[in-house]
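Notes follow the structure.
Quick note: the coordinates plus some simple rules give every number you see, no bench work behind them. These numbers were taken from a predicted model, which means no experiment stands behind them. Heads up, the Cβs are rebuilt from the backbone with ideal geometry, glycines too, and the neighbour counts pull from every protein chain shown.
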Ligand code: Q9C
Ligand code: ZN
């Protein structure tokens, strides 16, 4: 399960680097080269400060005279991790000074935060005893020790400094320590973890404590302290959930790492080892919460949390994240992923289609999707998976949510269930941004008003985001009919504004990176798809239609609390009992799910068998068809051959006919000749007869004459 890999992990390596300007090009190959180095070269790299010579642009053919070497020692911004050329004093990405010193001097408020000053440390109220009106903060230094052992091309963004940076900001604002109730961390038990994860997963994470360094994915590292940090993080979240739900504190903030929302039932990924929010949700249910809402505003989709609860109607998961058609990490979280196995509509995804998403977009989605669905669900407990990587200045998120936006979102959720809310840190990689954002959120938790901070709350959202919100509403209104009215209203507004906009250019400039870069974003003008997805239920189709089956599932997954249990006072035995009970319950619910799966499996097997038969039939049909085809082919050939033969015969016939005609003609000619010669002969015969007659006449005359003269001439003659 634990995979060792030294693959370069950071997205930042793919981003472009600053230009030295003025014909001098700083060679930053060492940064931009994403290529992975061998293990042995890593340690030498650690010590090596990379130096690259840079040259005048057109110096190659006259090196001796023109070359003007400029030495450049690159540095990594302590605030946002981006690499910078050595001659630059302020980070090109976030503006932080090269020798910022924020780690040693404490991280004061963000430059993006209006209230930029050093808030006076107010006198401590509340002390260290919990009170129903206090905000609890969970924090433990041992979570700093989770860090990447290998020194890579780029420092890992999910780094220990994130925690002290936020802590320093809270301290500076006088919030914590001071006005909040500290919750001390304990390592969560394996039993508790197994409500969420497989035993193999828990073991795989635990094993990493025996190794100096290991990797679950190329960017999900562990060192020997990571397993403990992950257990402390989950333990803090569990205890906070219990304290808040039971009413011993008003609400809370878990200042934890490693983050959790990418961790699924059996996978560590996306910098996450254990799913802190999922553990907290199940612990809240064990403490009696029937319905838990998890809102995930980390810029990434919480694929792990979705996987854990997608068949569960008692835990609703709502996530807002960059998605970009699945191209943004981790790729899941499309609007049509709505939950399964009877829990359709209990998973709500708001997938942004581009970077640069800001306060007004988030607030708009909250107004039209998150709050309407959440209040229809009516949770008993709210958990926020609060990554601050959608914050302005974040190197991964490239969005522009400000502390005022985060405090407004917090406030909007606080109205849901009497403020029983646990905010858990997930991602967020710009130290100033996460510090000021987290501080703003905690201030709202403590009851400070966020109203005045955000005058833009009523401004319209960007068109790309409006489109996303409309798509989500169109999909979710099948499960939450109360959305339908506002959907048709917003849709007609959209259509109207589309006509208005037609004349205007389709490109809209969106500032994405601090004050540095402006990115052009194509705003898609197509209207949201009507009935883009069809959720007719597979199998026998009964689950969705059959109200009773739904009810049954609902009861199964809701984990009905046991009213006979007395939740207070809290003592060790009670704690243990509750956890044991919760484990028993999750086993029961897993058993129910297994039964459900087995049923589905049986149906699927039968289907498969049938399909197999059909396939076989089809195969034999195909064979017959093939034979038939062969016959036809043979016949075709035969026909062709016969055609050829016929042709030959035809020409023969033609030839014979011609010769017959010739013969006839010749015969005729002969006949004519014969006739002619016959008549000739006849003529000749006639003339011969005539001649003969004449001759015989002459002859007889001669004879007569002769006889006369016989008497006369006899004497003479004699
Ligand atoms: N090529 C959180 O914010 N990036 N995790 C992976 C792979 C991972 C973010 C890029 C980003 C994880 C908690
Ligand atoms: Zn994230």
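When the square roots of the Cα gyration tensor eigenvalues are ordered a ≥ b ≥ c, the ratio a/c for region 327-430 is 1.5 or more and a/b does not exceed b/c, which makes its shape oblate.
Mind running the shape call on region 129-198? Use the C-alpha gyration tensor, a ≥ b ≥ c as the square roots of the eigenvalues: rounded below 1.5 for a/c, prolate if a/b tops b/c, oblate otherwise. Each step should come with its number before you reach the end.
Details: a/c = 3.21, a/b = 1.21, b/c = 2.66.
Taking the square roots of the gyration eigenvalues as a ≥ b ≥ c, region 129-198 is oblate.
Extension gain, residue 133 to residue 694, is 184.6 nm, computed as 0.36 nm per intervening residue step minus the present C-alpha separation. With R₀ fixed at 41 Å, the C-beta to C-beta distance from residue 588 to residue 612 puts the FRET efficiency at about 0.70.
Can you put 350, 674 in order of Cβ neighbours within 10 angstrom, beginning with the fewest? Intermediate results must be reported in sequence, preceding the final value.
Working: 350 29, 674 10.
Taking fewest neighbouring Cβ atoms as first place, the list is 674, 350.
Taking label points 7 Å from Cα along the Cα-to-Cβ direction, residue 678 and residue 415 give a separation of 13.2 nm. In terms of other Cβ atoms within 10 Å, 242, 291, 613 run from fewest to most in the order 613, 291, 242. Once both labels are positioned 7 Å from their Cα atoms along Cα-to-Cβ, the gap between residue 203 and residue 641 label points is 7.2 nm.
With neighbours defined as other Cβ atoms within 10 Å of a residue's Cβ, the residues 436, 620, 407 order from fewest to most as 620, 407, 436. Region 368-435 and region 585-607 have their alpha-carbon centroids 35 Å apart. A simple spin-label model places the labels of residue 708 and residue 650 8.7 nm from each other, with each point 7 Å out along Cα-to-Cβ. Taking a ≥ b ≥ c as the square roots of the Cα gyration tensor eigenvalues, with a/c under 1.5 meaning rounded and otherwise prolate when a/b beats b/c, else oblate, which class fits region 250-400? Note, shape of region 250-400 comes out rounded.
Want the number for residue 224 to residue 488: 0.36 nm per residue separation, take away the alpha-carbon distance, what's left? Write down the numbers at each step before the final one.
Working: separation 264, 0.36 × 264 = 95.04 nm, distance 5.51 nm.
Result: 89.5 nm gained on full extension.
Fully extending the segment from residue 686 to residue 340, taken as 0.36 nm per residue of separation minus the present Cα-Cα distance, adds 111.9 nm. In this calculation the C-beta distance from residue 90 to residue 142 is compared with R0 = 35 Å, giving a FRET efficiency of 0.55.
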